[in-house]
Every structure is written in structure tokens, then in C-alpha cells.
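The values are calculated or read from the model by the stated rules, or taken from the named source; none is laboratory data. Here the structure is a predicted model, which is why all the values come from computation and not from measurement. Every residue, glycine as well, gets a Cβ built from its backbone with ideal geometry; the counts of neighbours run over all protein chains shown.
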Amino acid sequence: MRVLLLTNEYPPRVYGGAGVHIDHLSRELSRLAPVEVLCFGDQEEHSSQLAVTGIGLDHPIRPADPTHAGAYNALLRNLEMSARAQQPDVVHCHTWYAHFGGIVVKQTRDVPMILTTHSLEPSRPWKSEQLGIGGYRLSCWIERTAYQNADGIIAVSKEMARDVVEAYGVDPSRVRVIHNGVDPDEFPSEPDPSILRKHGIDPFRPYALFVGRITRQKGIGHFLRAAELLDPSAQIVLCAAAPDTPQLADEVESSVRKLDQKRKGGVVWVRDAVPLKDLPSIYAGAAVYCCPSIYEPFGITNLEAMSCRTTVVATRTGGIPEIIVEGETGYLIDKTPISATDPEARDPESFANGLAEAMNRIIVSPELGRELGEKARQRVVDHFSWSSIARQTLEFYGDVAQRYRSERS
């Protein structure tokens with residue numbers, strides 16, 4: 001079976017969980033079938049089983065409203081992707097940024113289209129800050145059109161499976177849950193002190209860690225509020241880059257500055273994307289990893305931290321409860337429901353207090369952290385390997401292709 005993967009992110013242009021997912025999935029799938037990847041950028045990689053081609057923007061569209069440029073230029077790249085694609089047996093799209101290309105390939109090549117639900121646009125109203133109101137309406141329309149025409153849908157969690165059925169009226173029989181994964185061998189449990197020092201972290205002092213994009217979805221503001229309440233012995237380490245908007249970057253800048261003043265230092269902000277070779281040491285050195293997302297279809301960073309035997313404190317939302325076993329491999333913190341129109345419609349003080357209490361429990365009791373961390377690592381090894389996920393994905397391709405041919409005959 002010839003597989004075509006369409007994606008915005010692909011190494012080295014990776015800034016979120018979807019990029020990590022497509023990197024590992026494409027390489028594991030290529031052990032089982034020929035894979036072509038078309039992505040945004042200038043990547044070029046060709047072997048007998050894996051061909052990667054980046055699609056650039058030689059002549060970008062410059063709309064009258066500059067905030068719409070991201071959406072328009074995504075569509076431009078999608079057209080180029082669909083034109084360049086070889087003849088696949090199945091086209092598999094990742095995030096709305098690549099959905100339009102998948103729709104065109106489906107129509108022009110007469111092949112089934114599969115989508116992976118890394119997130120859903122209606123659940124992320126704050127994206128209007130990044131794409132503009134018109135751009136966000138366009139991204140929602142593209143996503144809705146793709147899901148209503150998809151032949152198969154992979155949900156990265158049970159929660160996402162429910163969400164896509166409710167949001168777009170998808171036939172549940174076309175949806176299959178296949179979790180995200182991680183390669184545990186890439187995440188050792190002992191940090192390299194020289195790497196920690198390089199990023200300004202004291203290797204001999206415990207720290208609470210946040211890793212994520214600067215976007216409201218990832219809850220960085222809630223982590224910063226919780227950090228004010230953490231034990232004074234702890235450092236606060238933020239690996240936070242790629243702000244959605246300049247305004248949000250300014251908000252985080254102000255909050256970090258106030259936090260550093262209140263704690264009298266010990267706040268480390270790694271502003272640029274951490275090299276992938278350094279990230280395992282940063283996870284492994286942490287006393288506790290915090291994932292305070294207000295919306296998280298899966299939460300791949302939790303798997304990365306758990307692989308390093310680092311205890312996780314995370315929001316009880318989306319797919320996270322399918323990863324973390326409460327009180328056994330980490331702690332889950334409840335949040336109040338999020339308004340569909342106001343991403344700040346919650347009780348930030350209560351949420352921050354819950355995050356801080358759980359993180360302090362680990363910081364002041366390293367023995368407890370080690371016990372939970374060992375169980376966390378074992379859970380990753382037992383349930384979330386990429387080789388297993390690739391096999392499940394290829395099996396789903398076959399099932400979808402068979403039904404597609406049957407429906408077309």
C-alpha cells in the first residue's frame with residue numbers, strides 16, 4: 001500500500017505535538033509500506049521507503065487583512081501539495097492546515113482520505129487571535145468540509161472520538177481510536193548536567209517544568225499563577241516559544257518578570273525551541289512536569305516526561321486521563337468548564353491552587369516522585385510505543401480502503 005501523508009509540520013519545522021506525531025509515524029510506517037510526505041517548508045529526504053518534500057512559498061499571498069495571510073498561504077501550499085503528489089492508495093492528512101490538499105487529492109486521484117484529529121478548530125476559539133476572525137472562520141470551514149468528506153478518521157483519544165462525532169456529525173463507524181506514542185529509548189531517566197547548565201538550569205536544585213507553545217490552549221498563564229505558590233526550594237523552568245501573537249508574547253513576558261521578582265530569582269525561561277537532543281535531559285532533570293492545558297486532545301509531552309520517569313501533574317481534560325493514572329503515575333487537576341466564546345471563562349485561582357498543591361507534593365517528597373516516576377515509565381513502555389501505533393494505523397488504512405472500494409463499486 002502506497003501512503004501519502006500531508007502535514008504542516010515536519011522536522012526540522014516542528015513546534016507542537018502534531019509535528020512530533022508525524023515524524024515518528026512516518027518513519028515507523030515506512031518500515032511497513034512506501035510513504036510519501038508532503039509538508040510546509042524546504043525539507044528534502046529520499047530513501048527507498050520514505051520520500052519527504054517540503055512545499056515552500058515562492059510567491060506568498062498578501063491579503064488586504066494581514067492576519068488572514070496564514071490561512072490563505074496554507075491553501076496555496078495545499079494546492080501545490082495536491083498537484084505534486086504521486087498516485088497513492090490512501091491520503092492521510094494531519095491538522096486543518098493540510099485538509100484542503102487531502103480533499104483535492106481524494107477527488108483527483110480517486111483514493112480514500114483519512115484524517116487524524118490532533119485538535120478541532122471549534123474547540124479553540126482563541127485561534128482567531130492568530131488567524132484573524134476571517135481566517136479562523138475559513139479554517140473552521142475547511143476542517144468541517146474535510147471531516148464530512150473523510151472516509152476514515154483516527155482519533156488520538158476516546159475524548160477526541162466523541163468530540164468529532166458531536167462537532168461534525170461523523171458516522172462513529174468511520175472513527176477509530178489510535179493513541180499517540182513515544183519512543184521510550186529516546187528519553188533516558190538521568191539528565192546530562194552540562195545540558196541543563198547550557199540552558200541556565202541549576203542541576204543541583206529541583207525544578208518544576210513547563211514545555212509548550214505560547215498559546216492559550218497550553219495554559220501557560222495557569223502554570224505561571226501556580227508557580228507563585230510553589231515551594232521556595234524549587235526553580236521554575238519554562239521551555240516556551242512560538243507565541244501565537246505579539247500581544248500574548250507581551251502578556252507572558254510581563255507574567256514571567258513578576259514571577260521572578262516575587263520568587264527572588266530561580267525562574268528560567270528558555271525562549272527558543274529546545275533542540276530535540278536536549279529535551280530528554282530537561283525532562284529527566286525535573287522534579288515534576290506540569291501540563292496545565294485547557295484543551296488537549298492527547299498530550300504527547302506527558303508521555304515524553306513519563307518516559308524519563310518524571311512525575312506529571314496535568315489537567316483532567318481531553319485525552320490526558322487516558323495517559324495518566326491518577327495517584328499512580330501522576331496527578332490530574334480539575335478545571336471549570338470553558339466557555340465556547342471566552343477562553344478565560346474559568347476560576348483561575350482554584351485551578352492554579354490545585355496545580356500548585358499537587359506539584360508541591362512531589363517537590364517536597366522526592367521519594368514519592370521516584371515511586372510515581374517508575375510506574376509512569378512502565379505505563380509508557382506497556383501502552384504507547386510507535387511501532388504498535390504504526391501497525392494499527394496501517395491496518396486501519398486497509399480497512400478504510402476496502403470499504404471505499406466496496407462503496408464505489
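Are any residues in the range 175-186 buried (at least 17 other Cβ atoms within 10 Å of the Cβ) and part of a helix (DSSP H, G or I), and if so, which ones?
Of everything in the range 175-186, just one residue is buried (at least 17 other Cβ atoms within 10 Å of the Cβ) and part of a helix (DSSP H, G or I), namely Pro184.
A quick yes/no check of all residues on (1) in a loop (DSSP other than H, G, I, E, B); (2) farther than 20 Å from Val268 by Cβ; (3) among the aromatic types (Phe, Trp, Tyr):
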{"residue": "Tyr136", "(1), (2), (3)": "no, yes, yes"}
{"residue": "Trp141", "(1), (2), (3)": "no, yes, yes"}
{"residue": "Arg144", "(1), (2), (3)": "no, yes, no"}
{"residue": "Ile154", "(1), (2), (3)": "no, yes, no"}
{"residue": "Met160", "(1), (2), (3)": "no, yes, no"}
{"residue": "Ala167", "(1), (2), (3)": "no, yes, no"}
{"residue": "Val170", "(1), (2), (3)": "yes, yes, no"}
{"residue": "Ile201", "(1), (2), (3)": "yes, no, no"}
{"residue": "Val211", "(1), (2), (3)": "no, no, no"}
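Across the range 293-318, what is the number of residues that are more than 13 Å from the chain's Cα centre (by Cα) and assigned to a helix (DSSP H, G or I)?
Of the residues in the range 293-318, 3 are more than 13 Å from the chain's Cα centre (by Cα) and assigned to a helix (DSSP H, G or I).
Which one of Ser189, Ser194, Ser255 is surrounded by fewer than 20 Cβ atoms within 10 Å (Cβ to Cβ), part of a loop (DSSP other than H, G, I, E, B) and assigned by TED's automatic domain parsing to the domain that holds Val312? Steps first, please.
Numbers: Ser194 fails: part of a loop (DSSP other than H, G, I, E, B); Ser255 fails: part of a loop (DSSP other than H, G, I, E, B).
Checking each option against the conditions leaves just Ser189.
Checking the structure you have, find out if any residue of the range 275-292 is among the β-branched types (Val, Ile, Thr), more than 17 Å from His21 (Cβ to Cβ), outside any helix (DSSP H, G or I) and within 17 Å of the chain's Cα centre (by Cα). Give the derivation first.
First, pick out the residues of the range 275-292 that are among the β-branched types (Val, Ile, Thr): 282, 288.
Still in the running and more than 17 Å from His21 (Cβ to Cβ): 282, 288.
Okay, now just the ones that are also outside any helix (DSSP H, G or I), so 288.
The next check asks that each one be within 17 Å of the chain's Cα centre (by Cα); those that pass are none.
No, the range 275-292 contains no residue that is among the β-branched types (Val, Ile, Thr), more than 17 Å from His21 (Cβ to Cβ), outside any helix (DSSP H, G or I) and within 17 Å of the chain's Cα centre (by Cα).
Before we move on, is Ser233 farther than 25 Å from Cys308 by Cα and either not assigned by TED's automatic domain parsing to the domain that holds Gly266 or not β-branched (Val, Ile, Thr) (or both)?
Numbers: farther than 25 Å from Cys308 by Cα: no; either not assigned by TED's automatic domain parsing to the domain that holds Gly266 or not β-branched (Val, Ile, Thr) (or both): yes.
No; evaluated as a whole, the condition is false for this residue.
Is at least one residue of the range 144-159 aliphatic (A, V, I, L, M), more than 22 Å from Asp399 (Cα to Cα) and not assigned by TED's automatic domain parsing to the domain that holds Leu248?
Within the range 144-159, the subset aliphatic (A, V, I, L, M) is 146, 150, 153-156.
Add one more test, that the residue is more than 22 Å from Asp399 (Cα to Cα), and what stays is none.
No, because not a single residue in the range 144-159 is aliphatic (A, V, I, L, M), more than 22 Å from Asp399 (Cα to Cα) and not assigned by TED's automatic domain parsing to the domain that holds Leu248.
Name the pairs: first residue in the range 263-286 and in contact (Cβ under 8 Å) with a residue 12 or more places away in the chain, second residue assigned to a loop (DSSP other than H, G, I, E, B) and among the hydroxyl-bearing types (Ser, Thr, Tyr), Cβ to Cβ under 8 Å, at least 6 apart or on different chains?
Ala273/Tyr15; Tyr283/Thr310; Ala284/Ser189; Ala284/Thr310; Ala286/Thr310
May I ask you to verify whether His199 is under 21 Å from the mean Cα position of the chain (by Cα) and crowded, with 17+ Cβ neighbours inside 10 Å?
Values: under 21 Å from the mean Cα position of the chain (by Cα): no; crowded, with 17+ Cβ neighbours inside 10 Å: yes.
So His199 fails the test.
Kindly list, by first and then second residue, each pair from a residue in the range 381-395 that is within 15 Å of Phe298 (Cβ to Cβ) to a residue that is surrounded by fewer than 18 Cβ atoms within 10 Å (Cβ to Cβ) and of a type outside the set (S, T, N, Q), limited to pairs with Cβ atoms under 6 Å and residues at least 6 apart or on different chains.
As it stands, the answer is Trp386/Asp183, since those pairs meet every condition given.
For the range 96-141, which residues satisfy the criterion of being among the hydroxyl-bearing types (Ser, Thr, Tyr), under 21 Å from the mean Cα position of the chain (by Cα) and within 23 Å of Leu38 (Cβ to Cβ)?
Those that are among the hydroxyl-bearing types (Ser, Thr, Tyr), under 21 Å from the mean Cα position of the chain (by Cα) and within 23 Å of Leu38 (Cβ to Cβ): Tyr97, Thr116, Thr117, Ser119, Ser139.
Please find, among Arg197, Arg213, the residue that is over 28 Å from Val105 (Cβ atoms) and free of Cβ contacts under 8 Å to residues at least 40 places away in the same chain. Explain how you work it out, then say what you get.
On the way: Arg213 fails: free of Cβ contacts under 8 Å to residues at least 40 places away in the same chain.
Criteria check complete, one pass: Arg197.
Filter the range 213-252 for residues that are part of a helix (DSSP H, G or I) and within 23 Å of Arg316 (Cβ to Cβ) and give the result.
Residues satisfying the conditions are Arg216, Gln217, Lys218, Ile220, Gly221, His222, Phe223, Leu224, Arg225, Ala226, Ala227.
Inside the range 110-134, can you point out the residues that are part of a loop (DSSP other than H, G, I, E, B) and of a type outside the set (Phe, Trp, Tyr)? Full working, then the answer.
Residues of the range 110-134 that are part of a loop (DSSP other than H, G, I, E, B), as a first pass: 110-112, 118-120, 124-126.
Within the range 110-134, Asp110, Val111, Pro112, His118, Ser119, Leu120, Arg124, Pro125 meet the criteria.
Each row is one residue, and each column tells you yes or no for (1) touching a residue at least 40 places away in the same chain (Cβ under 8 Å); (2) within 22 Å of Pro246 (Cβ to Cβ).
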position: Leu32; (1), (2): yes, no
position: Ala51; (1), (2): no, no
position: Gly54; (1), (2): yes, no
position: Pro63; (1), (2): no, yes
position: Ala85; (1), (2): yes, no
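Of all the residues that make up the range 365-409, how many are at pLDDT 95 or above, surrounded by fewer than 15 Cβ atoms within 10 Å (Cβ to Cβ) and among the hydrophobic types (A, V, I, L, M, F, W, C)?
Going through the range 365-409 one residue at a time, the tally reaches 1.
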